Amino acid sequence: MTNARDRSDIADIDLASSGHQAIEWAREHSPLVDGYLRDRFRDGALEGKTVAVVVHLEAKTALLATVLADAGARVVAAGSNPFSTRDNIAAALVDRGIEVHSTRESGYPAWEKHLLAVADSGPDLIIDDGAELTVRMARHRREQFNALSGVTEQTTTGVERLRKMEESIGLPFAAMAANSAACKHLFDNRYGTGQSTIQAILNLTNLLMPGKGVAIVGYGWVGRGLATYVRAMGGEPIVIEVDPVKALEAYMDGCTVAPAHEALPRADFVITATGGMRAIGHRHVEHLKDGVILANAGHHDLEVDVDAFAAIADDVTIVREDITRYQVGDKRLDVLSSGALVNIAGGLGHPIEIMDLSFAVQGVGCHELARGGYEAGLHVIGAELDAEIAAAKLKSYGIVLDTLSEEQADIVELD
Ligand SMILES: NC(=O)c1ccc[n+]([C@@H]2O[C@H](COP(=O)([O-])OP(=O)(O)OC[C@H]3O[C@@H](n4cnc5c(N)ncnc54)[C@H](O)[C@@H]3O)[C@@H](O)[C@H]2O)c1
């Protein structure tokens, strides 16, 4: 067989050394991936398995790929978004003998080609994000799709896609909804996206948060996290929701809740976090402030409908690195990172400690599937596994739990 370098398609192998440095930094702060997962993988279940890793290709993902490869898996990697790959990380992985098909800002056609190249490697297992590879294999590589033995899925959007796929064509393999694990969505979607999105927006714009109105479209786990960090930094979160329970939760959390036509005229920043398409688009333009900054934290690059903005704009210019201005009449609409996930495409992604937890969930899911015994169809990570992962994380912080005494545990005492 040819070596990883010959099989890979990356920007520049000479970038490897800075990539190794970044992966090493991530490793030093990832006790679960570098410790707990390594220990779990020692049973040999992953040996000889081809594992496709299709997650935003940056240092934390590369550490997971390395640990899987060290456990004896043949790892083939690609990015889960055409604009989020770090070329130095891709180079470092190839330098470690891992096959990679990904370049930053390759655009959609090249990204699709890269995903199909990963499909053609005939994976046994996929660690997916947004179900980007799984969906494409179902559409374009049905033979390899039918031969899959398992998929673990990272995101809310991806789990929804798998659920729809299960209803329409059926899943011929077991899939793990990693996002449904408490150790994933309680921390990653909320604290990880909350911190890293606000951090990325402020870094890209070099603006101040105190006093700013921030419209948050969608108050799920991500929206809640965004509101927490906006408030903590002195901004005012104004929530736009369509689900009454979520809207009530936002209100009880202390946010202003309003429909788009009332919220947007007050917003200096608009952040989408719905998981759907076109959450902000053509019909919202009349309500947006001149000079508003729009950013997306949800999975789809078209949550902020930049195509609709382009269609009605008099002029489209890059006004600062990663900021595109759509001039619509006398209104300036400034979109960050082309509408891609701003915390990843325009920032450093989730904090390392958060991804340590999320990738522990993904790694456990992948390992469970490699061990076998799961029926075809969508599964959730069980509460016992969730508790095992949380306990490992607490241990890494040196935190010891209390235990219930017999007396305290006896909650059915009748007299
Ligand atoms: N940027 C990141 O790093 C990151 C991390 C985790 C999740 N995500 C993505 O963020 C998105 C949201 O995730 P979540 O876990 O909060 O999902 P969620 O399903 O818990 O929340 C989404 C919310 O958006 C609301 N909504 C949907 N369409 C809307 C619309 N047009 N207008 C107003 N509200 C609308 C829904 O009612 C729901 O409350 C998903 O796409 C997920 O994949 C991104």
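Please treat every number below as a calculation from the coordinates, not as lab data. Treat the numbers as computed from the prediction; the structure is a model and nothing was measured. Don't worry about glycine lacking a Cβ; one is built from the backbone with ideal geometry, like all the others, and counts go over all protein chains shown.
Using only the C-alpha atoms of segment 119-172, find the volume of their convex hull and express it per residue in Å³. Don't jump to the answer; show the numbers that get you there.
Details: hull volume 3.3 nm³, N = 54.
For segment 119-172, the hull spanned by Cα atoms encloses 62 Å³ per residue.
Evaluate E = 1/(1 + (r/R0)^6) for Asp243 and His282, where r is the Cβ-Cβ distance and R0 equals 22 Å; express this FRET efficiency to the nearest 0.05.
Working: r = 23 Å, r/R0 = 1.05.
According to the calculation, E is roughly 0.40.
What whole-number distance in Å separates the alpha-carbon centres of segment 24-48 and segment 59-100?
Cα centroid of segment 24-48 versus Cα centroid of segment 59-100: 14 Å apart.
For segment 161-202, taking Cα atoms only, what is the radius of gyration to one decimal and the Dmax to the nearest whole Å?
Using the Cα atoms of segment 161-202, the pair Rg, Dmax is 14.9, 44 Å.
Using per-residue counts of other Cβ atoms within 10 Å, averaged over each peptide, order 191-204, 157-170 from highest down. Before the final figure, lay out each step's value.
Details: 191-204: 22.9, 157-170: 16.6.
Result, highest mean first: 191-204, 157-170.
Name the chymotrypsin sites (Phe, Trp or Tyr not before Pro) in segment 339-415 that are in a loop by DSSP and that have at most 14 other C-beta atoms within 10 Å, would you?
Details: sites: Phe359, Tyr374, Tyr397; in loops: Tyr374, Tyr397.
Listed in order of number, the matching sites are Tyr397.
Mind listing the phi-derived Karplus ³J(HN,Hα) values for segment 20-29, rounded to whole Hz, using 6.51, -1.76 and 1.60 with θ = phi - 60°, and x for any glycine or proline?
Here the 3J(HN,Hα) series is 4, 4, 5, 5, 5, 4, 4, 4, 4, 10 Hz.
Under the definition of Cα pairs under 8 Å and six or more residues apart, what whole-number percent is the relative contact order of segment 152-199? Write out the running numbers ahead of the final one.
Numbers: 22 pairs, mean separation 20.3, N = 48.
Reported as a whole number, the value is 42 percent.
Under 5 Å between amide H atoms, partner at least 5 residues away or on a different chain: which partners does Glu99 have, H built in plane at 1.01 Å?
Answer set, sorted by chain and number: Val75, Ala77.
Tell me, what ³J(HN,Hα) does each residue in segment 394-404 have, in order and in whole Hz, if you take phi through Karplus 6.51 cos²θ - 1.76 cosθ + 1.60 with θ = phi - 60° and put x for Gly and Pro?
Working through the residues one at a time gives 4, 4, 5, 8, x, 8, 10, 8, 7, 10, 6 Hz.
As I understand it, the dipole of segment 217-320 uses +1 on the Cβ of Lys and Arg and -1 on the Cβ of Asp and Glu, about the Cα centre. Which of Phe309, Gly275, Pro244 lies farthest toward its positive end?
The listed residue farthest towards the positive side: Pro244.
Over segment 190-345, what is the relative contact order in percent, taking alpha-carbon pairs closer than 8 angstrom and at least six residues apart? Walk me through the numbers before you get to the answer.
Working: 359 pairs, mean separation 32.7, N = 156.
Normalised by residue count, the contact order of segment 190-345 is 21 percent.
For Gln327 and Glu167 in the same chain, what is the full-extension length gain: residue separation times 0.36 nm, less their Cα-Cα distance, in nm? Kindly include the intermediate steps, with their values, before the conclusion.
On the way: separation 160, 0.36 × 160 = 57.60 nm, distance 4.29 nm.
In short, 53.3 nm is gained.
Label points 7 Å out from Cα along the Cβ direction at Ala409 and Arg5: separation in nm?
My value for the distance between the label points is 5.9 nm.
Work out Dmax and Rg for segment 190-345 from the C-alpha atoms and quote the Rg first, both in angstrom.
Reported Rg and Dmax, both Å: 13.9, 42.
So for segment 264-415, what percent of the C-alpha to C-alpha distances run longer than 18 Å? Please report the intermediate quantities before stating the final value.
Values: 8006 of 11476 pairs.
The calculated P(r) of segment 264-415 puts 70 percent of pairs beyond 18 Å.
Can you give the extra length, in nm with one decimal, that the chain gains between Ala383 and Thr317 once fully stretched, where that is 0.36 nm per residue apart less the Cα-Cα distance? Intermediate results must be reported in sequence, preceding the final value.
Details: separation 66, 0.36 × 66 = 23.76 nm, distance 4.96 nm.
Result: 18.8 nm gained on full extension.
Each label point is 7 Å from the Cα along the Cα-to-Cβ direction; what then is the distance between the points at Ala310 and Asn206, in nm?
Simple spin-label model gives 2.8 nm for this pair.
Counting pairs of alpha carbon atoms under 8 Å apart in space and at least six apart in sequence, what relative contact order in percent does the chain give?
Working: 888 pairs, mean separation 68.7, N = 415.
Relative contact order of the chain: 17 percent.
What's the center-to-center distance, using Cα atoms, between segment 164-230 and segment 345-371 in Å?
14
Using the crude model of +1 on Lys and Arg Cβ and -1 on Asp and Glu Cβ, and no other charge, please compute the dipole size for the chain relative to its Cα centre, in debye to 20.
Details: 37 positive and 60 negative charges, 182 e Å.
Value, rounded to 20: 880 debye.
Quick one: if you stick a label point 7 Å off each Cα along the C-beta vector at Tyr374 and Lys395, how many nm between them?
Rounded to a tenth, the inter-label distance reads 2.2 nm.
In segment 314-415, which GluC sites (Glu not before Pro) fall in coil by DSSP and have 14 or fewer other Cβ atoms within 10 Å?
Numbers: sites: Glu321, Glu353, Glu368, Glu375, Glu384, Glu388, Glu406, Glu407, Glu413; in loops: Glu321, Glu375, Glu413.
When the GluC sites (Glu not before Pro) of segment 314-415 are filtered for loop state and at most 14 Cβ neighbours within 10 Å, Glu321, Glu375, Glu413 remain.
Quick query: amide H of Thr50 versus all other amide H atoms, modeled in the peptide plane; which residues come in under 5 Å with a sequence gap of 5 or more or a different chain?
It is Arg74, Asp124, Leu125, by chain and number.
Can you give the charge dipole size of segment 190-345 about its Cα centre, rounded to the nearest 20 debye, using +1 on the beta carbon of Lys and Arg and -1 on the beta carbon of Asp and Glu?
Numbers: 13 positive and 19 negative charges, 72 e Å.
Around 340 debye, computed over segment 190-345.
log10 I(q)/I(0), Debye, Cα-only the chain, no solvent, q = 0.07, 0.08, 0.12, 0.14 Å⁻¹?
Results for the chain at q = 0.07, 0.08, 0.12, 0.14 Å⁻¹ read -0.34, -0.44, -0.97, -1.26.
DSSP loop (so not H, G, I, E, B), at most 16 other Cβ within 10 Å: list which GluC sites (Glu not before Pro) in segment 1-107 pass both filters. Could you put the intermediate results ahead of the total?
Values: sites: Glu24, Glu28, Glu47, Glu58, Glu99, Glu105; in loops: Glu47, Glu58, Glu105.
Counting only loop positions with at most 16 other Cβ atoms within 10 Å, the GluC sites (Glu not before Pro) in segment 1-107 are Glu47, Glu105.
Ranked by Cβ crowding within 10 angstrom, fewest neighbours first, how are Arg224, Arg139 ordered?
Values: Arg224 24, Arg139 12.
In increasing order of surrounding Cβ atoms, one gets Arg139, Arg224.
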